[in-house]
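The values are calculated or read from the model by the stated rules, or taken from the named source; none is laboratory data. Only a predicted model underlies this, so the values are computations on that prediction, with no experimental measurement involved. Backbone-built Cβ (ideal geometry, glycine too); neighbour counts: all protein chains shown.
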Amino acid sequence: MRVLSVVGNRPQFIKSGPLSVALHEREIAEVVVHTGQHYDQELSQVFFDQLELPPPDHTLDLQTADVGRMEPVIAEVVAVEQPDWVLVYGDTNSTLAGTRAAGETPVAHVEAGMRSGDLTMPEEHNRIEVDRLSSLLLCPDERSAQTLRDEGVTGRVEVVGDVMADASFKLAAIARERSPILAVLEVEPRAYAVATVHRQANVQPDRLARILEGLGRIDGPVIFPAHPRTSAVASGRCQPPDNVRMIQPLGYLDFAALASQARVILTDSGGLQKEAYWYGVPCVTMRPSTEWKDTVEVGANVLVDDDPDAIAAAAADAAMPDHRPQLYGDGHAADRIADVLISL
């Protein structure tokens, strides 16, 4: 069997690691295509280096998130490699481009069935279209599987867990042991907040200014590893407050060490909402909706949108619930995915 995996951004690099290992163990040939959607060194190559992943077989270096530009180039790779499956991850434009580029080759969608209910998000449209086009829908939990059944998708639905959990469970402790990032930044465990902002809606100047105002009202330092497009906006008229330390993007191990020892995480990232839960760190989500609803329902995550008062209040009150049920898998999703592919 031959599988072509399409990756393009940080969460996809992380998710691809455990699954690549599981595929290799079952003698499934994997061809990895890196679209170049994230082309900053600290958001791309560093993850292959730190996670000790083999280099991609095809590095397209497109340096764009435009689906129309990515699709024909990926299609050329599909035509050359002739895979049995095209494997896509999550909800990015690389995911949508890879799905469309597959043509007659069946698509397996990792992290299928997630919905925020917010159609103003480009990612929500990506999720819906990718799920409708996929032959195999690999869901992190029963809620997402039921969503797909309710939508009447035609592909095969399998609940396998979340491959990001596989990586997180294995690497968080290693990151805390190896990374010197807290010493470098001169912060103590549980005495700082971590913030990330990268969604297209949130990097609009007015909205980013409100988010930064809210972060500025938080007691203590807020460490803010900034996505390149966030930095570009913040360097203009959205200057960060004095307590907000906007730094360059971090490698995976440094960021895992930093986030897993924070007092609270404030983010608009779907992946980081899950990681916060697995780390046992309360999360404040600066969006009006989330696809990871279970984290909100159990009290580990609070939605605040871009309201400065709500951001500050949620950060001050942030606490993990006394009971933290297992969400989104047990760390063995990659094995289940590889076994499903073999069975088909």
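Values as computed for the structure displayed
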item: Qualifying residue in segment 146-154 (condition: over 24 Å from A315 (Cβ atoms) and either of a type in the set (G, A, S) or touching a residue at least 60 places away in the same chain (Cβ under 8 Å) (or both)); result: yes
item: Residue count, segment 289-344 (criterion: outside any loop (DSSP other than H, G, I, E, B), crowded, with 16+ Cβ neighbours inside 10 Å, of a type in the set (D, E, K, R) and not assigned by TED's automatic domain parsing to the domain that holds D141); result: 2
item: Qualifying residue in segment 292-312 (condition: touching a Gly at 6+ places or on another chain (Cβ under 8 Å) and closer than 22 Å to V160 by Cα); result: yes
item: Sole exception among (1) in contact with a helix residue (DSSP H, G or I) (Cβ under 6 Å, 6 or more places away or on another chain); (2) surrounded by fewer than 18 Cβ atoms within 10 Å (Cβ to Cβ); (3) at pLDDT 90 or above; (4) not hydroxyl-bearing (S, T, Y) for R229, by number; result: (3)
item: Criterion violated by Q63 - all others in (1) exposed (fewer than 15 other Cβ atoms within 10 Å of the Cβ); (2) in contact with a strand residue (DSSP E or B) (Cβ under 8 Å, 6 or more places away or on another chain); (3) among the polar types (S, T, N, Q) satisfied; result: (2)
item: Residue tally, condition over 25 Å from R336 (Cβ atoms) and of a type in the set (A, V, I, L, M), over segment 79-111; result: 4
item: Single residue of segment 165-220 satisfying the filter (of a type in the set (A, V, I, L, M) and touching a Gly at 6+ places or on another chain (Cβ under 6 Å)) that is farthest from I14 (Cα to Cα); result: A165
item: D294 being over 17 Å from Q204 (Cα atoms) and touching a residue at least 40 places away in the same chain (Cβ under 8 Å); result: yes
item: Residue list for segment 268-298, filter: closer than 22 Å to P308 by Cα and touching a His at 6+ places or on another chain (Cβ under 9 Å); result: D268, S269
item: Residue tally, condition touching a helix residue (DSSP H, G or I) at 6+ places or on another chain (Cβ under 9 Å), over 30 Å from L136 (Cβ atoms) and acidic (D, E), over segment 288-340; result: 4
item: Exclusive hit being closer than 29 Å to G280 by Cα, buried (at least 19 other Cβ atoms within 10 Å of the Cβ) and in contact with a helix residue (DSSP H, G or I) (Cβ under 7 Å, 6 or more places away or on another chain), set A145, A112, A97, A101; result: A112
item: Pairs, first among the basic types (K, R) in segment 216-241, second modelled with pLDDT of 95 or more, C-beta under 7 Å, six or more apart; result: R217/P308; R217/A312
item: Residue match in segment 167-185 (condition: buried (at least 19 other Cβ atoms within 10 Å of the Cβ), touching a residue at least 12 places away in the same chain (Cβ under 8 Å) and of a type in the set (D, E, K, R)); result: no
item: Evaluation of V32 against (1) outside any loop (DSSP other than H, G, I, E, B); (2) in contact with a strand residue (DSSP E or B) (Cβ under 9 Å, 6 or more places away or on another chain); (3) at pLDDT 95 or above; (4) surrounded by fewer than 23 Cβ atoms within 10 Å (Cβ to Cβ) (one fails), failing number; result: (3)
item: Number of the exception - H198 against (1) touching a residue at least 60 places away in the same chain (Cβ under 8 Å); (2) buried (at least 22 other Cβ atoms within 10 Å of the Cβ); (3) farther than 22 Å from L171 by Cα; (4) under 21 Å from the mean Cα position of the chain (by Cα); result: (2)
